[in-house]
1. Could you tell me how many of the residues in segment 70-112 are modelled with pLDDT of 85 or more and not basic (Lys, Arg)?
2. Go through segment 166-178 and give me each residue that's under 19 Å from ASN132 (Cβ atoms) and in a loop (DSSP other than H, G, I, E, B).
3. Examine segment 34-53 for a residue that is of a type in the set (Phe, Trp, Tyr), touching a residue at least 24 places away in the same chain (Cβ under 8 Å) and closer than 26 Å to CYS192 by Cα, and state whether such a residue exists.
4. Given (1) open to solvent by 50 Å² or more (accessible area, probe 1.4 Å); (2) touching a residue at least 40 places away in the same chain (Cβ under 8 Å); (3) part of a helix (DSSP H, G or I), where does ARG90 come up short, assuming only one miss?
5. Select from segment 140-159 the residues that are crowded, with 19+ Cβ neighbours inside 10 Å and either touching a strand residue (DSSP E or B) at 6+ places or on another chain (Cβ under 9 Å) or not β-branched (Val, Ile, Thr) (or both) and list them in ascending order.
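The values are calculated or read from the model by the stated rules, or taken from the named source; none is laboratory data. Everything quoted here is computed from the prediction, not taken from an experiment. Positions of Cβ are generated from backbone atoms using ideal geometry, with glycine treated the same way; all protein chains shown enter the neighbour counts. Keep in mind that these areas ignore ligands, DNA and RNA; they rest on the heavy atoms of the full protein, side chains included. Shrake-Rupley method; radii C 1.70, N 1.55, O 1.52, S 1.80 Å.
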Amino acid sequence: MNYIELPSEMQLHLSTMNRLGIWTGGAKAGTMTAINATSILGSLRYWTEALMRADGKNVCNNQERCTYDKTKEQSACDLCQIFGCTGISRSFNMNIDSGKPFEKQKNKTNPIFIPNGKNKARYYLTEAFTGNFVLKLSIHRPLLAGNYSLPEDVLTALYLLIEYGTLGAYDQYGCGLVQLQVDERELLQNLCQDHDAKGGK
């Protein structure tokens, strides 16, 4: 187990790794005018839940979602204490800054070629965001009295998502591959929980 002090806020500088960029959708179908944090939060919750279940922590199921009751000591599961549920907000904020506003061009698409003996595109994806952006995390509500650190489970899941997964949608086509600055990658890795091959800490 590491003993590095967990921060109350972080800024991670990311860049897309290929021409497909990152796609998170927008208010109108087929358009994207900003990198939508909601799309990333959904994946982050999924990875966090997987880690917490592997560690044997209290996590609700799809049939019985939590409802927070402040009169009870622990009325929401460990996962909902972090990501929120009916009656309680998410414990942290996520914001994304792409440097400047950008407009989607509906008439521009990226062809996706799949080896099939013919040099023809099999799919076309609407043009996504490519370039550099900053992902910002900050504590919104402490999980324990006086502890304003970002949840370690979330930081671990975020590292795995960036290092081994993708951000946003269309990941099966190669969208969402991103990389961190080297120093920030090492910092985030050092803040992760230690897990062994069996899923325990």
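1. Within segment 70-112, residues that are modelled with pLDDT of 85 or more and not basic (Lys, Arg) number 22.
2. Of everything in segment 166-178, those that are under 19 Å from ASN132 (Cβ atoms) and in a loop (DSSP other than H, G, I, E, B) turn out to be THR166, LEU167, GLY168, GLY174, CYS175, GLY176, LEU177.
3. yes
4. (3)
5. Selection gives LEU150, PRO151, ASP153, VAL154, LEU155, ALA157, LEU158, TYR159.
Condition check ((1) surrounded by fewer than 20 Cβ atoms within 10 Å (Cβ to Cβ); (2) assigned to a loop (DSSP other than H, G, I, E, B)) across all residues:
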site	(1), (2)
THR38	yes, no
GLY42	yes, no
TYR46	yes, no
GLU49	no, no
ARG53	yes, no
ARG65	yes, yes
LYS72	yes, yes
ALA76	no, yes
MET94	yes, no
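For every residue, the table says whether it meets (1) farther than 29 Å from GLN179 by Cβ; (2) small (Gly, Ala, Ser).
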residue	(1), (2)
LEU6	no, no
SER15	no, yes
LYS72	yes, no
ALA76	yes, yes
PHE92	no, no
